[in-house]
Each structure stands twice: as structure tokens, then as C-alpha cells.
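Working notes, beginning with the structure itself.
The values are calculated or read from the model by the stated rules, or taken from the named source; none is laboratory data. Since the structure is predicted, the reported quantities are computational estimates derived from the model, not experimental observations. Note that each Cβ is placed from the backbone with ideal geometry, even for glycine, and that neighbours are counted across all protein chains shown.
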Amino acid sequence: MTSKIIPEAVWPHEVEKRCRMGLFDKFKSKEEKAKEAVEAKAAEAKEAAEAKAAEVKAAAEAKAADAKAREEAFLKRNAEVKAAQQEKIAAEKAAEELKVAEAKAEEKKVAEAKKKSNEKYKLAVDGDFGPKSIKAVQHILGCKEDGICGTETIKAIQKLVGADVDGVWGTQTSKKLQKFLGVEVDGVAGPNTFKAFQKWANKELGF
């Protein structure tokens, strides 16, 4: 094919025309093409990096959310366990308080019944250790209630106060009784000793 020769006079106009038609695109410099390729590659790399970053961020957020959920579940479980323990302690305390209250009520009931049944044995604290006082002591010690301070009664008293159990009321028995009652220990069982003995008897009888 023979190239058409462009007259020198029309050259500038023809060149401009052909440039507008894109006939000179193939003459782009290698540098421009290389630059475009680099830019395209950079754009592709940037897009890939952004996608990777978004993926990493999403994974981190999911992990953080899972950790938070686990922590909340752990705290909730701990709170439930603590509440259950406190409830158990409260229930045990209430049961113990009820038990104590019932025991006190029963103790009071027994004491009142004892007091009522022992009303006839209540003593006047006058230091006179006569038949009524003796009967009261005999009742407390489980002896025959005859109002006579005989051998059986004396032995029971001696056993109570830690004296020699021989059935004979002597100085040793008086001293042991006085020590037992917390009064002056002189070996003479007089009014003061028997007043203390009567007070002790009344206390044992529930008065």
C-alpha cells in the first residue's frame, strides 16, 4: 500500500486531524504505558489490602464480642452462685434461729411446768432447816420424802457436795456443804448455811 504524501503546506492541519482521529495512539511512550501499569497494580494492591484489613477487623470484632459474651456469662454464673450461697446461708441461719427459739420455748415450758409441779416445795429462806426444807431437798435428790434428815438423806447430801459418804452429818459434811454453797466455811451448819441451802433448793425447784 502506497502512503499518501501530505503536501508540506497542509501538514500541520493534517497532523492535527489525524491526532483527533486517534491515529497516533500507538505512538504512546513506553514510560506512559509503564506508569499506567504501575498505577493499575497499585490500585489493585490497595483494594486487596483494604479487603484484608476489613476481614481482619471483622475477625477481631467477632473475637472481642465472643470474649465479652464469655465474660458476661462468667460474671452472671458467679453472681448466681453467690446468690445461691447467700440464700443457703440465710436459710441455715433462719433454721438455726428457729431451732434456738423452739429450744428456748421448750425450755421455758419445761421450767414453767417444773415450777408449777414444785410449787408445794417452795421454801421460805429463813434458815430453819425443818421438815419442809428437808422434804424439798429429798425431792430434789430423789430420796424418800419423809421430812426426816436420816442416813439416806445425809448420804445423798454428802454425795452432792463431795463429802465422805458415810451417812453421818459431822464437821466435814458441814464444811463441804458450805464450800458447795459458797458461804463461810467454819464447819458449823447454822442459819446462814441453811439459808443458802434453801436458796439453792428453790433455784433447783425452778423458783
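Quick look at the values:
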read-out	value
Qualifying residue in the range 91-106 (condition: surrounded by 10 or more Cβ atoms within 10 Å (Cβ to Cβ), assigned to a helix (DSSP H, G or I) and in contact with a Phe, Trp or Tyr (Cβ under 6 Å, 6 or more places away or on another chain))	no
Criterion: in the same structural domain as LYS195 (by TED's automatic domain parsing), within 18 Å of GLN198 (Cβ to Cβ) and part of a helix (DSSP H, G or I) - qualifying residue of LYS114, LYS132	LYS132
Those residues of the range 145-182 which are in a loop (DSSP other than H, G, I, E, B) and under 16 Å from SER133 (Cβ atoms), in sequence order	GLU145, ASP146, GLY147, ILE148, CYS149, GLY150, TRP169
Test result for ALA201, closer than 30 Å to GLU112 by Cβ and of a type in the set (A, V, I, L, M)	yes
Residue count for the range 120-142, restricted to those that are more than 14 Å from ASN202 (Cβ to Cβ) and within 50 Å of the chain's Cα centre (by Cα)	2
